[in-house]
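Colleague: Right, I'll just put the structure down here and ask away after.
The values are calculated or read from the model by the stated rules, or taken from the named source; none is laboratory data. Small disclaimer: the values here were computed from a predicted structure and weren't measured. All Cβ positions, even for glycine, are placed from backbone atoms using ideal geometry, and neighbour counts span all protein chains on display.
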Amino acid sequence: MLTSVLLPNVARGVILRRPLMTRLVTGLDADRRAVAVLREMRERHGDDPLPLRFAGRRAALVLSAEDARRVLRETPEPFSPAGREKSGALSHFEPHGVLVSDQADRPRRRAANEAALVPGQAVHPDGDVLAAQADEEALALALALREDGGDLDWWRFTRSFNAMARRIVFGAFAADDHRTTELLYNLRARANWTYLAPVHHGARTEFLDRVRANVERAEPGSLARRLTAAAPAGDGTDPRPQDQAAHWLFAFDAAAVAAFRSLALLTSLSPGAHEAREEIDTREGLDLPLLRATVRESVRLWPTTLMVLRESTRETAWREEVLEAGTVFLIVSSYFHRDSSRLPYADAFEPGIWLDGRAENEPGILPFSQGPAACAGIDLVPLAVSLFLRALLRGRDPARVDAGGPLPASGLPASLNHFALRFSLST
């Protein structure tokens, strides 16, 4: 079970995806195998979390969607997000980020993050500024593609998307700050090894110093400016703005993956693709519900957070099991997102589930996690991606041109290697 469920997730990189291992895992159809194995485990073991040991650690695989919701909603007590593995990984580039903060610092850092990202609001208060940043980078990318006649591959896409992310976090001046993103990339590569790899203190210091300097220069309408306004320096709240901004840059990489896979959905044979592309060409304003739903479907179908981890702070009782304190609870996202025994749309592109309440009412669907430690960018990320994609695609006819061809209307693959995707954007 460890080989078929946990090893593929670790191999491709939990913090930074490894292109070669991602290609191998996709080729082996490992995600579909893992879902089948976990379904079999539940049939044999029952609904209770399945105890196991790995690397000398007590762990439990969560097998029930209702239990997954319980673990996430009862965070941070008794299920802490700041477990040893996560703290070891994030210490490489954001040692004081909200996710790995202790109980004394977490509430005020979380509050500062929420003040900046504004979860629960589909269109961010600074949506106009955000849209301008997205438009500028997307239109520059489209123009470059038209001038050289090339296709859109992952490396070209992510370079423009990262520039947009820096604009959104700090302001337009940061668009060309490639060094900060490069440092973060290298630190995340080490973070794949969590506490097994020593922290590169020199690189981390340089990275956080650059982020701090960008925060100090943050422009009106940027996330960093909202963060420092919510918890200004010297007021005793200690939000560690450089660590929070570092986390946003890290999270925007997952957003880039979701955005690029969304292009695969928008060029698929599904009826939902046609409806979303109509919205691109006809809908004005910042509110793009079908495009935002497409982004969420991308993350449901191919999770960017492969496993959600929580570590129990005390003994916890289940139906038949009692699990001791210090147990690491493992929630394998794809297992719940692709559970065809529960979800009739498990392997289909069904953006409507995000508009009619079905996704919200399903406890196992957690593309942005759930509960008190859910991603505070749950609304900002789909907004940013939808605006970027609209600017990139409006008036153009995107087509998938790599060897995989367009995705089918149903029976979507369990894995989608974003490194291998390639698109044309004809006018």
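Colleague: Quick one: Leu196 ticks every box in (1) within 21 Å of Arg18 (Cβ to Cβ); (2) exposed (fewer than 15 other Cβ atoms within 10 Å of the Cβ); (3) at pLDDT 95 or above; (4) of a type outside the set (S, T, N, Q) except a single one, so which number is it?
Modeller: Of the numbered conditions (1) within 21 Å of Arg18 (Cβ to Cβ); (2) exposed (fewer than 15 other Cβ atoms within 10 Å of the Cβ); (3) at pLDDT 95 or above; (4) of a type outside the set (S, T, N, Q), the odd one out for Leu196 is (3).
Colleague: Report, ordered by the first and then the second residue, all pairs with beta carbons closer than 6 Å, sequence separation of six or more or different chains, a first member in the range 110-136 that is in contact (Cβ under 8 Å) with a residue 40 or more places away in the chain and under 21 Å from Gln242 (Cβ atoms), and a second member that is surrounded by fewer than 21 Cβ atoms within 10 Å (Cβ to Cβ) and among the small types (Gly, Ala, Ser).
Modeller: So the pair list comes out as Ala112/Ala230; Ala115/Ala230; Asp126/Gly221.
Colleague: Sticking with this one: Filter the range 408-427 for residues that are among the aliphatic types (A, V, I, L, M), modelled with pLDDT of 95 or more and more than 20 Å from Leu392 (Cα to Cα) and give the result.
Modeller: Leu412, Ala414, Leu416
Colleague: Here's something else I'd like to know. Among the numbered criteria (1) closer than 15 Å to Ala116 by Cα; (2) at pLDDT 95 or above, which single criterion is violated by Val257?
Modeller: Tallying (1) closer than 15 Å to Ala116 by Cα; (2) at pLDDT 95 or above, Val257 fails exactly one: (1).
Colleague: Of Ala391, Ala373, Ala399, which residue is farther than 23 Å from Arg342 by Cβ, at pLDDT below 95 and either in contact with a Leu (Cβ under 9 Å, 6 or more places away or on another chain) or among the basic types (Lys, Arg) (or both)?
Modeller: Answer to the check: Ala373.
Colleague: Just one of the numbered conditions (1) free of Cβ contacts under 8 Å to residues at least 60 places away in the same chain; (2) acidic (Asp, Glu); (3) in contact with a Leu (Cβ under 9 Å, 6 or more places away or on another chain) is not true of Asp356; which one?
Modeller: Status for Asp356: all satisfied but (3).
Colleague: Any residue at all in the range 132-150 that's within 20 Å of the chain's Cα centre (by Cα), small (Gly, Ala, Ser) and within 22 Å of Ile15 (Cβ to Cβ)?
Modeller: no
Colleague: Something else now. Of a type outside the set (S, T, N, Q), within 19 Å of the chain's Cα centre (by Cα) and more than 30 Å from Leu286 (Cα to Cα): does that describe Glu94?
Modeller: The answer is yes for Glu94.
Colleague: Please specify each residue of the range 284-324 satisfying the condition of being over 22 Å from Asn417 (Cβ atoms) and without any contact (Cβ under 8 Å) to a residue 60 or more places away in the chain.
Modeller: Matches in the range 284-324: Glu284, Gly285, Glu315, Ala317, Val322.
Colleague: Sticking with this structure for a sec: Would you mind finding the one in Gly127, Gly171, Gly202, Gly149 that is modelled with pLDDT under 95 and of a type outside the set (D, E, K, R)?
Modeller: Result: Gly149 is the single residue among Gly127, Gly171, Gly202, Gly149 that is modelled with pLDDT under 95 and of a type outside the set (D, E, K, R).
Colleague: May I ask you to list the residues in the range 69-111 that are of a type in the set (Gly, Ala, Ser) and in contact with a helix residue (DSSP H, G or I) (Cβ under 8 Å, 6 or more places away or on another chain)?
Modeller: Ala82, Ser87, Gly88, Ala89, Ser91, Gly97, Ser101, Ala111
Colleague: Looking at the range 288-305, which of its residues are crowded, with 19+ Cβ neighbours inside 10 Å and part of a loop (DSSP other than H, G, I, E, B)?
Modeller: Across the range 288-305, the qualifying residues are Leu288, Trp302, Pro303, Thr304.
Colleague: While we're on this one: Within the range 161-180, track down each residue that is assigned to a helix (DSSP H, G or I), over 17 Å from the mean Cα position of the chain (by Cα) and buried (at least 20 other Cβ atoms within 10 Å of the Cβ).
Modeller: Across the range 161-180, the qualifying residues are Ala163, Arg167, Ala174, Thr180.
Colleague: Can you pull out the residues in the range 337-370 that are polar (S, T, N, Q) and not in a helix (DSSP H, G or I)?
Modeller: Scanning the range 337-370 gives Ser340, Ser341, Ser369, Gln370.
Colleague: How many residues does the range 109-127 hold that are in a helix (DSSP H, G or I) and under 17 Å from Val385 (Cβ atoms)?
Modeller: Here the count works out to 2.
Colleague: Still on this model: Restricting the first residue to the range 77-103 and requiring it to be touching a residue at least 60 places away in the same chain (Cβ under 8 Å), which pairs with a second residue that is of a type in the set (Phe, Trp, Tyr) and surrounded by fewer than 24 Cβ atoms within 10 Å (Cβ to Cβ) meet a Cβ separation below 6 Å and a spacing of at least six or different chains?
Modeller: If the second residue must be of a type in the set (Phe, Trp, Tyr) and surrounded by fewer than 24 Cβ atoms within 10 Å (Cβ to Cβ), the pairs left are Gly88/Tyr195.
Colleague: Is it the case that the range 71-78 has a residue that's surrounded by 15 or more Cβ atoms within 10 Å (Cβ to Cβ), modelled with pLDDT of 95 or more and of a type in the set (A, V, I, L, M, F, W, C)?
Modeller: Yes: one or more hits.
Colleague: Out of everything in the range 229-246 that is surrounded by 20 or more Cβ atoms within 10 Å (Cβ to Cβ) and either assigned to a helix (DSSP H, G or I) or at negative phi (or both), what residue ends up being modelled with the lowest pLDDT?
Modeller: Ranking the candidates gives Pro239 first.
Colleague: While we're looking at this one, here's another question. Could you go through the range 31-43 and let me know if any residue there is closer than 18 Å to Ile331 by Cα, acidic (Asp, Glu), surrounded by 15 or more Cβ atoms within 10 Å (Cβ to Cβ) and in contact with a helix residue (DSSP H, G or I) (Cβ under 8 Å, 6 or more places away or on another chain).
Modeller: Within the range 31-43, one or more residues are closer than 18 Å to Ile331 by Cα, acidic (Asp, Glu), surrounded by 15 or more Cβ atoms within 10 Å (Cβ to Cβ) and in contact with a helix residue (DSSP H, G or I) (Cβ under 8 Å, 6 or more places away or on another chain).
Colleague: A further question follows. Could we say that Ala131 is part of a helix (DSSP H, G or I), touching a Leu at 6+ places or on another chain (Cβ under 6 Å) and surrounded by 20 or more Cβ atoms within 10 Å (Cβ to Cβ) here?
Modeller: yes
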